[in-house]
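S.K.: Quick one: this structure, given as structure tokens, is what I'll be asking you about.
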Amino acid sequence: MGKRDKTMFSHLELILIVLLVLMTAVTVTLLVLYFVSDKSTSEINNVSTPTSSPGYNFTSTQHLSTVASKNYLIGVGRADCTGPIAEIPLMGYASPDQLAGGILSRLYSRAFIVAEPDNSKRVVFVSADIGMVSQRLRLEVLSQLKSKYGDLYRQDNVVLSGTHTHSGPAGYFQFTLFMITSKGFIEPSVKAIVNGIVKSIDIAHQNMRRGRIFINKGLVENSQINRSPYSYLQNPPLERRRYSSNTDKEMVMLKMVDVSGQELGFISWFAVHPVSMNNTNHLVNGDNMGYASYLFEQEKNKGLLPGEGSFVAAFASSNLGDVSPNTKGPHCINTGESCDNPQSYCPIGGAKMCMAVGPGTDMFDSTKIIGQNIYLKAKELYATASQEITGNLSSAHQWVNMSDVTIQFNATHTAKTCKPALGYSFAAGTIDGVGAFNFTQGAVEGDPFWDTVRDQLLGAPSNETKDCHKPKPILFNTGEMLLPYPWHPEIVDVQIITIGSVAILAVPGEFTTMSGRRLREAVKSEFESQGSHGMNVIIAGLCNIYTHYIATYEEYQVQRYEAASTIYGPHTLSAYIQLFRRLARAIATHEVQDLPKGPEPPFFNVTNFTLLPAVLPDVAPLNKTFGDVLQDVKQQYQVGEVVEVTFVSANPRNCADNMTDHTFLTVEKYETASRSWHVVHNDASWETRFYWSKGLHGRSNATIEWHIPNTTKPGVYQIQYFGYRKVKPLLKPTVFYPFKGTSSAFEIMKL
């Protein structure tokens with residue numbers, strides 16, 4: 001495939017390059033000036049030998065010790081963690097144009113607490129509908145838990161995992177790289193997520209009861225592809241031949257019931273990126289995993305609105321690094337031809353034209369198809385789960401300086417990790433969300449132009465860093481960029497919790513398919529070598545802190561996006577394998593108390609920094625008031641049609657605190673018998689969509705859509721909108737006033 005000369009640029013590209021350079025210079029200068037004068041930091045003190053079978057290997061063998069009772073103490077909880085839904089960057093694609101402008105579904109934190117029968121030990125697993133867990137979120141959550149519960153919930157026994165939806169609010173990081181792409185530190189986002197996670201744990205804590213846990217597994221078909229198959233093929237042929245696919249198709253489930261048989265909920269793990277909603281989406285939602293949770297919880301909590309009811313269904317992330325749900329694969333969006341090549345490059349238009357889509361007609365349809373596939377497999381596994389998990393609980397945790405780990409391969413051969421750095425192909429993005437300026441995946445050489453831009457604005461990488469990361473050509477030497485704060489973390493959490501014969505590895509990033517397989521097998525082998533046979537090793541992704549990707553050494557050599565984003569160098573995976581084996585050994589030999597805690601992570605004072613524009617006082621059009629209908633509904637509809645109504649609106653950011661656990665909208669049915677309106681949907685329902693449109697000088701509109709499902713009963717309905725308007729009286733404090741708007745009544749007809 002022929003490629004154009006890298007040094008040739010069109011007039012438009014030259015203009016864009018100049019603009020990018022100016023914007024970057026201004027941003028970095030502002031950040032340095034803003035922080036360097038008042039920078040202060042503080043710390044929060046908080047309490048391989050492969051197997052022959054692919055994937056997860058489940059057995060009924062117990063480990064560590066005999067247990068007198070099969071019953072655990074189990075608590076489950078769910079809480080809203082949505083946060084602001086307007087003008088906030090969405091976390092995942094790092095696209096400056098992708099700002100939240102409404103809501104498709106609410107985001108939830110789902111917590112599971114398991115304690116031993118005598119309550120001597122306990123572990124917590126939380127799966128939250130967010131892009132990933134940041135170090136800042138974890139430190140704040142653990143600080144709140146310590147103030148509430150003392151030493152009951154700690155660094156070692158609490159795992160926080162993100163589902164990796166790319167459609168949740170950003171702004172909850174304390175490292176500079178993420179703050180630049182998130183418009184700074186957005187306190188309403190942080191507050192909503194932290195409070196939601198803590199509340200879900202509170203609910204689980206308050207509802208502990210004796211119960212039983214069952215494990216099951218099964219294959220999820222037609223729901224994923226490997227988005228970097230060329231990288232995967234670099235792994236040894238003998239290793240690849242042991243597996244039937246270049247993705248892990250297995251779903252693993254832990255089903256929880258109380259001793260009377262009452263259903264409590266489940267945690268499942270499955271490897272797929274929640275990027276069915278692409279980078280043109282502006283509606284906050286949980287993507288395909290969120291939709292799967294919605295379907296299961298609606299089924300079990302019958303007759304209740306989303307977010308209500310005691311049954312909790314968590315679809316957690318796993319080793320999804322190179323796994324896409326866009327099953328039609330990569331095609332050139334301008335010509336339709338395949339761009340499934342090592343560079344993901346289109347003959348016309350280059351890399352920015354190569355995108356993957358499917359399986360649906362649009363991103364909403366694709367989200368539902370993939371989500372339903374995952375839900376249906378979970379439903380089957382839940383119904384047939386019969387293998388009970390028994391045994392002791394354990395947890396092991398360390399902080400590690402990942403920029404300085406020595407890997408001992410054998411008696412004579414060692415290697416080291418590197419200071420963090422991102423390669424050229426990081427800027428290329430992926431077939432799920434392309435990058436800018438036609439950077440391409442698979443770049444193993446730098447570019448003189450971009451090297452010069454980097455050196456002038458951000459500083460040149462040291463020879464030591466360049467040598468350590470080879471063959472990665474370094475675009476951003478983030479480990480050597482410290483202003484206004486470090487651009488990437490160095491102190492990283494590694495953690496394992498065990499529930500009987502189940503070991504959950506809390507990995508701090510996105511492991512590729514083969515990286516995950518190697519880690520699972522290495523940890524299983526370590527347990528077996530210490531006498532703990534039959535361990536079921538599960539990878540939980542995006543846990544505790546975000547460190548981008550973890551590719552295998554072989555995948556690293558060809559530098560597609562995942563390898564360019566493996567920030568600690570070519571031996572990152574080997575370092576993690578060594579670290580997790582150490583944790584497994586400590587658990588198996590009952591020597592967890594002897595593990596060094598490691599260097600504690602920093603806690604930066606970044607709460608007063610944001611690049612978000614201020615919210616103006618809200619203004620209604622002349623002769624209108626807030627909540628007035630601008631475009632009303634029709635009189636009649638049939639199932640399958642879309643009801644649409646537009647109201648005079650106020651900025652939804654006014655509602656960041658007030659609307660948590662509430663709703664921006666309701667769909668209501670008139671009940672003749674009671675002569676009252678009954679809510680049948682709200683903004684957590686996937687059948688509704690809330691779009692906010694910003695106008696000039698404080699004016700805005702809100703459009704609500706209801707996509708009428710086939711299960712809708714005939715009758716009379718209405719739609720209501722709820723908001724808060726901001727008023728700034730002269731020389732007085734700002735106040736917020738609630739308001740609502742109501743559509744005309746309309747009828748849903750029988751088919």
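The values are calculated or read from the model by the stated rules, or taken from the named source; none is laboratory data. Keep in mind the model is a prediction, meaning the values are calculated, not measured. Here Cβ is always computed from backbone atoms with ideal geometry, including for glycine, and neighbour counts include all displayed protein chains. Ligands, DNA and RNA are stripped out before the accessible areas are found, and what is left, the full protein with its side chains, is counted by its heavy atoms. Shrake-Rupley method; radii C 1.70, N 1.55, O 1.52, S 1.80 Å.
S.K.: On the basis of being assigned to a strand (DSSP E or B), within 24 Å of V507 (Cβ to Cβ) and either among the aliphatic types (A, V, I, L, M) or at pLDDT below 95 (or both), does V133 make the cut?
M.R.: In short, no.
S.K.: Considering only the range 156-164, I want to know if a residue exists there that is under 16 Å from C543 (Cβ atoms), open to solvent by 10 Å² or more (accessible area, probe 1.4 Å), in contact with a strand residue (DSSP E or B) (Cβ under 7 Å, 6 or more places away or on another chain) and not in a strand (DSSP E or B).
M.R.: Scanning the range 156-164, I find at least one residue that is under 16 Å from C543 (Cβ atoms), open to solvent by 10 Å² or more (accessible area, probe 1.4 Å), in contact with a strand residue (DSSP E or B) (Cβ under 7 Å, 6 or more places away or on another chain) and not in a strand (DSSP E or B), so the answer is yes.
S.K.: Further, regarding this structure: Given (1) surrounded by fewer than 24 Cβ atoms within 10 Å (Cβ to Cβ); (2) at pLDDT 95 or above, where does K183 come up short, assuming only one miss?
M.R.: (2)
This table checks each residue for (1) more than 23 Å from L283 (Cβ to Cβ); (2) more than 22 Å from the chain's Cα centre (by Cα).
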| residue | (1), (2) |
| --- | --- |
| R138 | yes, no |
| L152 | yes, yes |
| N157 | yes, no |
| T163 | no, no |
| F175 | yes, no |
| F185 | yes, no |
| A204 | yes, no |
| N207 | yes, yes |
| V220 | yes, no |
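S.K.: Would you list the strands (runs of 3 or more DSSP E) that sit entirely within the range 637-734 and hold 2 or more residues that are among the aliphatic types (A, V, I, L, M)?
M.R.: 642-648, 665-671, 676-682, 700-707, 715-727
S.K.: Okay, next question. In the range 237-254, is there at least one residue being closer than 28 Å to K352 by Cβ and open to solvent by 40 Å² or more (accessible area, probe 1.4 Å)? Can you show your working first?
M.R.: Here is the first cut: in the range 237-254, the ones closer than 28 Å to K352 by Cβ are 246-247.
With open to solvent by 40 Å² or more (accessible area, probe 1.4 Å) added as a condition, the list becomes 246.
Yes: the range 237-254 contains one or more residues that are closer than 28 Å to K352 by Cβ and open to solvent by 40 Å² or more (accessible area, probe 1.4 Å).
S.K.: Right, something else. Could you say whether any residue in the range 739-747 is surrounded by fewer than 14 Cβ atoms within 10 Å (Cβ to Cβ), modelled with pLDDT under 95 and part of a strand (DSSP E or B)? Show your work before the answer.
M.R.: Going through the range 739-747, the residues surrounded by fewer than 14 Cβ atoms within 10 Å (Cβ to Cβ) turn out to be 740, 744.
Filter once more, keeping what is modelled with pLDDT under 95: none.
Scanning the range 739-747, I find no residue that is surrounded by fewer than 14 Cβ atoms within 10 Å (Cβ to Cβ), modelled with pLDDT under 95 and part of a strand (DSSP E or B), so the answer is no.
S.K.: So in the range 602-612, with the set limited to residues that are open to solvent by 60 Å² or more (accessible area, probe 1.4 Å) and part of a loop (DSSP other than H, G, I, E, B), which one is modelled with the lowest pLDDT?
M.R.: Among residues in the range 602-612 that are open to solvent by 60 Å² or more (accessible area, probe 1.4 Å) and part of a loop (DSSP other than H, G, I, E, B), the one modelled with the lowest pLDDT is N608.
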